[in-house]
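First up is the structure itself, then whatever we jot down about it.
Where a number appears in this text, it was derived from the coordinates with a stated rule and is not lab data. Here the structure is a predicted model, which is why all the values come from computation and not from measurement. Here the Cβ positions follow ideal geometry from the backbone for every residue, glycine too, while neighbour counts run over all protein chains shown.
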Amino acid sequence: MTGRAEHDARGNVEKAVTTMACVSCGPHRVEIDLTSRHGIGFPLDYRPVYELLGARAAGKRVACLFANAGMATTYAAAGGAASTVTVDPSAGFLGWAERTVTANGFAGHRNRFVAEDVEAWLVREQRAARSYDLIFCDVPAAYVGSSWRQEERDDQRFAGLLDALTAVLSAGGTLMLASTQRALPLDRDELSDRGLAREDVSARTIPRDFARTPKVHCCYLVTRP
């Protein structure tokens, strides 16, 4: 066990005790946090999501946003990504992600890690005229509301994130959005007006052992033909 600092709901730093364990996620290994109140490091039902990401990564410039424990980046690298960049505002999560990627044999200059606010990073990348062929974004609850009630969702904040994401999506690229919420506010007609197409792949990314809770997460592919 190791000690670490956490922030409580008021932003005060409090001391916590962490128990880490190494487990398998498909063919890969990852450390999980058995004691954190904020989750073990990645949603257990996301493995098919990561597999879908890896299957699309070959030869692509991949951006993985909101890193968690780094499984998205690991699957992208294992899938043959030309390069990856992993962005998270938390230095703690980013370090965790880098350890995961390194432990699975993918350390190197082709895999970059950036500790920065994701929206600020997206704006900077757009200004620098950089784009990505495949973007994975594990949308935090803060962007869509922690409640599943439609009226409590923060659609405006999510719309701002979506604008920033699609601004750095290359022609022919794919934006992969995942969330532990039941749905994301992706209007098909509005996307079509912007030259984008949407596919809901949630059902095919639910693992068999979560079949009784098919709305445990949602997953969409947004493409620019």
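When you restrict to C-alpha pairs under 8 Å that are six or more residues apart and normalise by the size of segment 42-223, the relative contact order lands at 21 percent.
Evaluated at q = 0.15, 0.20 Å⁻¹, the base-10 log of the normalised Debye intensity for segment 42-223, with identical point scatterers placed on the Cα atoms, takes the values -0.84, -1.56.
The label-point distance for Arg204 and Ala91, in a model that sets each label 7 Å from Cα toward Cβ, rounds to 4.2 nm.
By the count of neighbouring beta-carbon atoms within 10 Å, fewest first, Tyr50, Tyr75 end up ordered Tyr50, Tyr75. Fewest neighbouring Cβ atoms within 10 Å first, the residues Trp121, Trp96 line up as Trp121, Trp96.
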